[in-house]
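Peer 1: Starting off with a structure, shown below.
The values are calculated or read from the model by the stated rules, or taken from the named source; none is laboratory data. Because the structure is a prediction, the values reported are computed rather than measured. Counting neighbours? That spans all protein chains shown, and the Cβs are built from the backbone with ideal geometry, glycine included. Ligands, DNA and RNA are excluded from the accessible area calculation, which covers all protein heavy atoms including side chains. Shrake-Rupley method; radii C 1.70, N 1.55, O 1.52, S 1.80 Å.
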Amino acid sequence: MKVMVIGSGAREHCLVWKISRSSYVDKIYAVPGNAGISEIAECVDLGIGKDSFNDLVNFAEDKKIDLTVVGPEAPLVDGIVDFFTERGFKIFGPTRDAAMLEGSKVFTKRLLQKYKIPTPDGVVFGKEEYEDALSYVESISDESFPVVVKADGLAAGKGVVIAEDREKAIEAIRNCFVKKIFGDSGSRIIIEEFLVGFEVSILCLCDGETIIPMALAQDYKRIYEGDRGKNTGGMGSYSPVPSVTHEVYERILNEIIYPTYRAIKEEGICYKGILYGGLLISDGKPYLLEYNCRFGDPETQAILPRLEDDLVPLLLACVYGELNERSISWDNQKCVC
């Protein structure tokens with residue numbers, strides 16, 4: 001088999017490394033790849049934005065690529081899976097409609113609320129409701145701070161502000177609606193209650209009908225000791241997560257992950273690829289903070305080395321809708337990124 005991995009970061013390096021260990025794979029291309037990836041795959045200098053989709057398909061056709069694996073979220077939200085599939089190429093990841101789970105936090109929040117899936121309470125405002133958003137913040141009691149302000153769209157993991165007080169909440173709203181620091185991604189926001197607890201990530205393989213959870217990981221978001229600073233895109237991770245008990249893990253699956261997958265299907269969306277839940281555990285109860293539509297970064301780097309199975313048949317099972325015939329096993333050793 002020939003496999004193409006799209007992306008240029010450490011996550012893609014880990015994916016290429018794991019794919020390179022497959023007995024099914026003869027050749028790997030990485031677009032655009034990086035210096036580390038170039039040691040185990042051929043890096044190709046092509047863009048991965050929407051304007052480059054045609055070039056990517058032409059390359060796949062020219063090199064007779066059997067499977068394409070997408071790392072970053074932006075191409076997925078832009079519809080790269082639809083583009084490849086319509087032209088007869090196998091690609092791992094969700095369609096544009098399915099990728100809305102990451103592409104729009106408002107879409108996801110409303111889905112969760114509709115199906116009564118545990119998530120922090122939140123209120124949605126559009127940029128035309130700037131004054132209403134400010135009034136809402138003014139109405140929040142002092143003891144109810146901090147609150148969380150989230151930009152609706154993609155923001156490279158930095159579109160979430162934990163506002164410690166009213167002034168910071170107003171600043172976050174102004175940054176989205178007036179300064180437009182997140183562009184169109186900040187044209188809608190969610191102002192959400194802040195829950196105290198710890199975060200954990202769960203990545204799940206999906207084939208449109210079957211969902212298989214992978215090992216848990218925990219990453220680090222806020223800069224500075226004691227989580228005092230702004231969110232980053234993620235600075236490190238480890239797996240497994242000993243602070244999550246078996247009971248809490250079962251609650252994550254039965255109260256959040258499985259109900260969400262049923263809700264997606266109920267909404268007429270066929271979700272294939274990775275469904276990545278970012279969760280908060282507060283007083284032993286899990287809450288869904290956000291969904292991502294791809295392999296997490298840096299969680300992938302701590303999860304895939306623990307996977308004892310060949311990754312490629314699992315990816316193909318997702319593409320072909322044959323995940324119900326698969327199971328996965330894990331190395332009990334610890335992995336740190």
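Peer 1: Using the Cα gyration tensor of region 21-167, with a ≥ b ≥ c the square roots of its eigenvalues, what is the shape: rounded (a/c below 1.5), prolate (a/b larger than b/c) or oblate (neither)?
Peer 2: Judged from the Cα gyration tensor, region 21-167 comes out prolate (a/c at least 1.5, a/b above b/c).
Peer 1: What is the magnitude of the charge dipole of region 16-66 about its Cα centre, with +1 placed on the Cβ of each Lys and Arg, -1 on the Cβ of each Asp and Glu, and no other charges, expressed in debye to the nearest 20?
Peer 2: Computed charge dipole of region 16-66: roughly 240 debye.
Peer 1: Sticking with this one: So which trypsin sites (Lys or Arg not before Pro) in region 174-271 end up in coil per DSSP with only 16 or fewer other C-beta atoms within 10 Å?
Peer 2: Filter output for region 174-271: LYS179, LYS180, ARG228, LYS230.
Peer 1: How many angstrom separate the Cα center of region 41-86 from the Cα center of region 122-189?
Peer 2: 34
Peer 1: With each label point set 7 Å from Cα along the Cα-Cβ vector, what nm distance links ARG96 and GLU247?
Peer 2: My value for the distance between the label points is 4.7 nm.
Peer 1: Under a cut-off of 18 Å between alpha-carbon atoms, report the lysines in cross-link reach of LYS64, not counting same-chain residues fewer than 8 places apart.
Peer 2: Within reach: LYS2, LYS27, LYS90.
Peer 1: To continue, here is another question. Could you work out the relative contact order of the chain? I mean the mean sequence separation of Cα pairs under 8 Å and 6+ apart, divided by the number of residues, in percent.
Peer 2: Details: 713 pairs, mean separation 61.8, N = 337.
Dividing the mean separation by the residue count of the chain yields 18 percent.
Peer 1: Amide H of PHE194 versus every other amide H placed in the peptide plane: which residues, excluding those fewer than 5 positions away on the same chain, fall under 5 Å?
Peer 2: Amide H neighbours of PHE194, under 5 Å, 5+ apart: VAL148.
Peer 1: Can I ask one more? Starting from the residue with the highest accessible area, list HIS13, HIS246 in decreasing order, probe 1.4 Å.
Peer 2: Solvent-accessible surface, decreasing: HIS246, HIS13.
Peer 1: Still on this structure, I have one more. Excluding residues fewer than 8 places away in the same chain, name every one of the lysines whose C-alpha is closer than 22 Å to that of LYS116.
Peer 2: LYS105, LYS150, LYS265, LYS285
Peer 1: Tabulate in residue order the Karplus-calculated ³J(HN,Hα) for region 212-220, using 6.51 cos²θ - 1.76 cosθ + 1.60 with θ = phi - 60°, rounded to whole Hz; enter x for Gly and Pro.
Peer 2: So the J values, rounded to whole Hz, are 10, x, 9, 5, 6, 9, 10, 10, 10.
Peer 1: Roughly how many debye, to the nearest 20, is the charge dipole of region 132-285 about its Cα centre, given +1 on each Lys and Arg Cβ, -1 on each Asp and Glu Cβ, and no other charges?
Peer 2: 560
Peer 1: So what is the accessible area of the chain per residue, in Å², with the probe set to 1.4 Å?
Peer 2: That works out to 45 Å² for each residue.
Peer 1: Considering amide H positions built from the backbone, and no H for Pro or chain starts, which residues 5 or more places from SER237, or on another chain, come under 5 Å of its amide H?
Peer 2: Long-range HN contacts for SER237: CYS337.
Peer 1: Additional query: Taking a ≥ b ≥ c as the square roots of the Cα gyration tensor eigenvalues, with a/c under 1.5 meaning rounded and otherwise prolate when a/b beats b/c, else oblate, which class fits the chain?
Peer 2: Since a/c reaches 1.5 and a/b is larger than b/c, the shape of the chain is classed as prolate.
Peer 1: May I pose another question? Could you order peptides 189-202, 39-52, 288-301, 321-334 by the average number of other Cβ atoms within 10 Å of their residues, highest first?
Peer 2: Highest mean packing first, the order is 288-301, 189-202, 39-52, 321-334.
Peer 1: Among VAL69, VAL25, VAL149, whose mean-square fluctuation peaks in a Gaussian network model of the chain (Cα, cutoff 10 Å)?
Peer 2: VAL25
Peer 1: Using the Cα gyration tensor of region 210-266, with a ≥ b ≥ c the square roots of its eigenvalues, what is the shape: rounded (a/c below 1.5), prolate (a/b larger than b/c) or oblate (neither)?
Peer 2: prolate
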